[in-house]
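Just so it is clear, none of the values below were taken in a lab; they were calculated from the coordinates. Worth saying up front: this structure is predicted, and the values here are computed from it rather than measured. Virtual Cβ from ideal backbone geometry, glycine too; neighbours counted across all protein chains shown.
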Amino acid sequence: MSVDPRHLRMVEALLFAAAEPLDESSLAARLPEDVDVPAALDALREAYSGRGVHLVRVAGKWALRTAPDLKFLLREETRETRRLSRAAVETLAIIAYHQPVTRAEIEEVRGVGASRGTLDLLLEIGWIRPKGRRRTPGRPVTYGTTDEFLAHFGFDAIDELPGLDELGASGLLQPRPPSAMIEEARARAARESEDGDGPPGGAEISEFPRPVE
Amino acid sequence: MSVDPRHLRMVEALLFAAAEPLDESSLAARLPEDVDVPAALDALREAYSGRGVHLVRVAGKWALRTAPDLKFLLREETRETRRLSRAAVETLAIIAYHQPVTRAEIEEVRGVGASRGTLDLLLEIGWIRPKGRRRTPGRPVTYGTTDEFLAHFGFDAIDELPGLDELGASGLLQPRPPSAMIEEARARAARESEDGDGPPGGAEISEFPRPVE
Amino acid sequence: MDTLNADRGDDVWSDPDPVREEPGDAALVVDLDGYEGPLDLLLVLARSQKVDLARISILQLAEQYLAFIARARRPGIEVAADYLVMAAWLAYLKSRLLLPDVEDEDVSTGPELAAHLSFQLRRLEAMREAAARLMGRDRLGRDVFPRGQPEGVRVVRDTVYEASVFELLRAYADHRARRVSEPLGIAARELYSMERAHERLRRVLGDLPGWERLETFLPPEVKGAVFYRSAVSAMLGAGLEMAKEGRVELRQARTFGPIYMRRKRRESRAAATDEARGPGAG
C-alpha cells in the first residue's frame, strides 16, 4: 500500500513544527480526513531511516530527532548566552552616554549604590574600560566604552548613539522638565575639568576661548 | 559531482538541531574538514524541495522551514498575532526601502508626523535599528532593518525586497522627483490650460471617497 | 497624561483612527477622521480619478480637495490646521497652474510644484503597496515555522552576555524619565562674582600702566570653561563700572575682538569720560 506523497509532507511539516511530540489522534485532528495517519507515519519513518534525522516514538507519541550516531556533532558544549541584568544594562547605558564617568557619578545618577559586581562584570565582558582619572580629590578612575562595545551593538562611533531628543522622538523617552537640563549642564561642567580624552561630542564650547592652562 | 551521503546527513542533523539559522562557516566549524559545505547544502536543498520542510537561506544563513503552501495546516496552532497599525506597517516599509533613512524623511514620505511609539515599537520587535548618522545639520540618526527583519519576512538579503529595482528605476526612492516627471507635468499642464477654460468644478464629487480601512 | 500615553501605546497595535494619534487634534477633526493627514486625503481623492497616478490631473485634484475641505468646514466644526495649510497651498498651486509662468528663477513654476505633489502621491502609494506586499509575505511564526523542538546547536558567539540595542536605549530613556520625577534641585555652581572682579581690578590696576588685554586681569585660580566665562564677563562688567567712575579706559577695535583696559590718567580726567564711552562701552 502506498501513501499519497502530499499526505506525507503534511505529516512531516506538522511533526517538524510541533513544540512537543504528537500522538496519532492529535495529528489526525489537524490533517484532512482522508489521511491514513498510521500509514503515513510508517512511510515517513521509512523515508527518514538512514538519514541525519529519525522519526521516533517516545512515550506513545511521535517526534523527529537527530540520529543518535550524530549526537557527537551537537555535543560540543554550547556556551550559554546570558542576558545582562537590568542594573547592568542601565549602568552600561549611563557609561555610554556620560563617559568618561566615575563610579561615584554613576551611583549619583542611578540613585543607588552601583554594586562593584556590575562594573566588574562589564569590565570582564570587555564593554567598558578605565579611561583616566578625574582631577578631583582622590583622583577617582573614570570609565568609558570600548571598541568591543561598539562592535557588539553595531555602532561605528560612540556619537551614533541616538541623542536625548531622538530618544524622545522615537517614543522611548517621555518629555522632561528643565531640571534635566540643569543636570546636563552640571555634567558638562564636570567633564570639562577632566584630564582624560574629551567628551564624545566635545565641540560644544569651542567658540569660547579656553583658559590658559 | 555527488556529495558523500554521510556528509549530507551530518549537515541535515546540524540544521535540524539548530535553534537559529546557521551560516556556512559555523557549519564548517562543526563538521569534519573534508565536508564540502556549499555542495552539501545545495544537495540538501535539492533533496528537500517538494517536501513538507524546505531548506532556505535567510539573512545569509541557512535554516529549515515548513513549506509555505502548508500554512493552512499550521496556522491554527499559533496564537493570532496582533496586527500592526497602518502607521507602523508603512513606517517599516519606508525604512526597508529607503534605508538608511531619518525620522524626518519618513515623515516627509508619509506626509504626517510619526506618531510617538511607532519607531519605538519597531525597535522593540527588533525589525529596525539605528544605523548611523546622516551628514547633514543636526546629524540626525538614520534607521535601517535588521537580520531579524530579513528572517521574519524570509529574505536572504535586503536587495530581495519585492519591486525594489522598479521603484529605484522610477525614481520613487529619491527625495525629489526625477526630471522626467517634471517634464511630463509641464506637458500636461500645457494641455490642461489649453482645453480647460472652465476647470472641472468640484460639484461632481457627490460621494466622498472614504479611506481604505 | 499617563493614561493617554498608555492608550496610545495600545493603539499602535489596533490600527487606530490615525488622526487621533496626535493629541489635541482629536476633538477638532470631526469630518476628517479616518484620513491620516492631508496627503492621505489627497491620495484617496486622486484614486477617485480612476486613472494611473502618473496621469492624474493635479488641477482637478486641487479642485477636489478644496471642495472637500469647504464641505468639511461646516459652521461650528473646525478643520485641523494642517488640512487648511494644504488647502491654502493647493489654492496657490491652482493659480500658478492657471496663470502664465512668472519669469523668475527663484520661484518654482506651477508645473514643477504639480510634479512634486504628484511625485509625493506616487511615492506614498508605492510605499503603501510595498507595505502590503511585505505584510502579505509568508512570515515566520505565522505562515512558515522553524523546528519546534530544536536540540541546541547555536552559533558560537564571541560574547557570553547578550544585550540588544533596544535594551540599551530603553534603559537609558527609562533612567532619564525616572530622574525627571525627582524633586528639582538646582546645583550650586561656583561663578566669579562682580564684587570679586571689582575688588581685584581695584587692586591690580595700579601695577599696569599701559593697555592690557582684559584676560590679563583675571585671577590666577580660573579653571574650567564655565568659571572662565563667568570671570570674563564679571571682569568686563567691573571694568565698565569703573570706566563710568572715570578710573579706567576700555578699548575694543572690532566686534568680538579682544578688549583692552588701562588705568585712566588723572590729568586728562574730564576729556576721558567721553573717550571711555566710545568703542569699549558700546
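The phi torsions of the stretch A:99-108, fed into the Karplus equation with coefficients 6.51, -1.76 and 1.60 and a -60° offset, translate into couplings of 4, x, 9, 8, 4, 5, 5, 4, 4, 5 Hz, rounded to whole numbers, with Gly and Pro shown as x.
Computed from backbone phi with θ = phi - 60° and the Karplus coefficients 6.51, -1.76 and 1.60, the 3J(HN,Hα) list for the stretch B:160-165 is 8, 3, x, x, 4, 5 Hz; x is used for glycine and proline. For the pair C:THR255 and A:ARG82, label points projected 7 Å from Cα toward Cβ lie 6.2 nm apart.
Please state the shape class of the stretch B:83-200: rounded when a/c is under 1.5, otherwise prolate if a/b exceeds b/c and oblate if not, all from the C-alpha gyration tensor. In terms of gyration-tensor shape, prolate.
Across peptide A:26-34, the mean count of Cβ atoms from other chains lying within 10 Å of each residue's own Cβ comes to 1.
Database remark: amide H of A:ALA67 closer than 5 angstrom to the amide H of A:VAL53, A:HIS54 (H placed geometrically; neighbours at sequence offset of 5 or more, or on other chains; Pro and chain starts carry no H).
Near A:GLY132, the amide H atoms lying under 5 Å from its own belong to A:THR142; only residues 5 or more places off or on other chains count, and H is placed 1.01 Å from N.
Computed from the C-alpha gyration tensor, the three semi-axes of the ellipsoid equivalent to the stretch A:5-73 are 21, 13, 10 Å, from longest to shortest. From least to most packed, judged by other beta carbons within 10 angstrom and beginning with the fewest, B:GLU183, C:GLU221, A:GLU148 follow the order C:GLU221, B:GLU183, A:GLU148. Remark: spin-label model distance C:GLU195-A:THR136 equals 2.7 nm, labels positioned 7 Å along the Cα→Cβ axis. Amide H contacts of A:LYS61: none lie under 5 Å away among residues 5 or more positions distant or on a separate chain (H built 1.01 Å from N in the peptide plane; Pro and chain starts excluded). If R0 is 41 Å, the Cβ-Cβ spacing of C:VAL51 and A:ASP165 corresponds to a FRET efficiency of close to 0.45.
Distance between the modelled labels on B:ARG75 and C:THR216, one decimal in nanometres: 8.6 nm (7 Å Cα→Cβ projection). Note on C:SER233/B:ALA29: beta-carbon distance plugged into 1/(1 + (r/R0)^6) with R0 of 41 Å gives a FRET efficiency of 0.05. Taking θ as phi - 60° and the Karplus parameters 6.51, -1.76 and 1.60, the scalar couplings of the stretch A:46-55 work out to 4, 5, 8, 5, x, 8, x, 10, 10, 8 Hz in sequence order, x denoting glycine and proline.
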